[in-house]
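Working notes for the structure below.
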Amino acid sequence: MSHIATLIPPQAPPAAPPKPFTAGRFFGNVFMGVWLALAVGVFMLIVNGWDPEKFAKYGPNYLSGLGVTLLLVGVSITLGGALSLPIAFARMSKNPVSSWLSAAYVYFFRGTPLLTQLFLIYYGLGSFSAELKSLGLWWFFRDAWNCALLAFTLNTAAYQAEILRGAIESVPRGQHEGAAALGLPKKVTFFKVILPQALIVALRPYGNEIILMIKGSAIVAIVTVLDLMGQTRLAFSRTFDPQTYIWAALIYLLIVELLRNLWAWLDTRLTRHLKR
């Protein structure tokens, strides 16, 4: 009992040592201050320059442009996903010809700007209008929307092929061996065992690719496609109001945020069996 009486009572933890004010902290604070000032400036610009008449006049055009953007991205992502399957299989093939051709395709479309690819299709192939007319293909290439769809499809197919290839190769070899030990055919093994696991791995990269395509779709306004950015440019040319671009930026931010939350929910839902 005497020993208990002489115990030191509980003490508060020692205070944390003060953090030194380094150059990194200084520039970080300056950077945050600049961003805060810009955010306040944009907010004041919206509040002070809000014009209900302009919003009522051009708002429906923005919705129409948004529909064009979502349709273009949705169709190109779908077609690109279908095209990425044979490209990914060719990349993993032991045939040197198909492997080299698919690698060259991926290298070109991932290594060059999407804007360059769009110009090559829209302006480059447009210079061969006589040849395309003789082949009966001019009806497709004379439409800017069709050229944008083709450029976007070819571009995203290259990225999706690499995403799919990496996801398939990330599946442990033991999954193949286990399926073979059970006597499953290779086709059943791929579609029932390997591909579901690969798609879970590829879920987040696919979401990033969709978001990048939505933001990159703004370039189609340059070739006269009246998507969201095309309608924005049209509204600005008639009003010279910088708020027209702020509206477009807010719409793009809303779309990206909705997709980000949707993909986070899908990832949580589809990987709940992996969490301990």
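Every number here is computed from the coordinates shown, using simple stated rules; none is lab data. This structure is a prediction, so every number in the text was calculated from the model and none was measured. FYI the Cβ positions are ideal-geometry reconstructions off the backbone, even for glycines, and counts take in every protein chain you see.
Dipole size of the chain about its Cα centre, with +1 on Lys/Arg Cβ and -1 on Asp/Glu Cβ: approximately 760 debye, rounded to the nearest 20.
Projected onto their three principal axes, the Cα atoms of the chain cover extents of 107, 71, 35 Å, largest first.
Counting only C-alpha contacts under 8 Å and six or more residues apart, can you give the relative contact order of the chain as a whole percent?
Numbers: 204 pairs, mean separation 63.0, N = 276.
RCO, the chain: 23 percent.
Think of each Lys and Arg Cβ as +1 and each Asp and Glu Cβ as -1; about the Cα centre, that makes the dipole of the stretch 8-163 roughly 320 debye.
Can you pull out the chymotrypsin sites (Phe, Trp or Tyr not before Pro) in the stretch 215-276 that DSSP calls coil and that have at most 11 other Cβ atoms within 10 Å? Write out the running numbers ahead of the final one.
Values: sites: Phe236, Phe240, Tyr245, Trp247, Tyr252, Trp263, Trp265; in loops: Phe240.
When the chymotrypsin sites (Phe, Trp or Tyr not before Pro) of the stretch 215-276 are filtered for loop state and at most 11 Cβ neighbours within 10 Å, Phe240 remain.
May I ask which residue of Trp265, Ala198, Met229 lies farthest towards the positive end of the charge dipole of the stretch 173-276, with charges of +1 (Lys, Arg) and -1 (Asp, Glu) on Cβ and the Cα centre as origin? Farthest along the dipole direction, towards plus: Ala198. Placing a pseudo-label 7 Å from each Cα along the Cα-to-Cβ vector at Leu137 and Thr271 gives an inter-label distance of 4.2 nm.
Of interest is the spacing of the C-alpha centroids, which for the stretch 60-76 and the stretch 167-184 amounts to 41 Å.
Size check on the stretch 2-150: the Cα extents along the three principal axes, sorted descending, read 105, 62, 32 Å. Among complete DSSP H helices in the chain, those whose alpha-carbon atoms stretch at least 15 Å along the helix's long axis and whose mean Kyte-Doolittle hydropathy reaches 0.5 are 23-48, 52-92, 96-111, 144-170, 195-216, 243-270.
Quick check: residue separation of Leu258 and Gln197 times 0.36 nm, minus the Cα distance between them. What number comes out in nm? Walk me through the intermediate numbers first.
Values: separation 61, 0.36 × 61 = 21.96 nm, distance 2.52 nm.
Difference between extended and current length: 19.4 nm.
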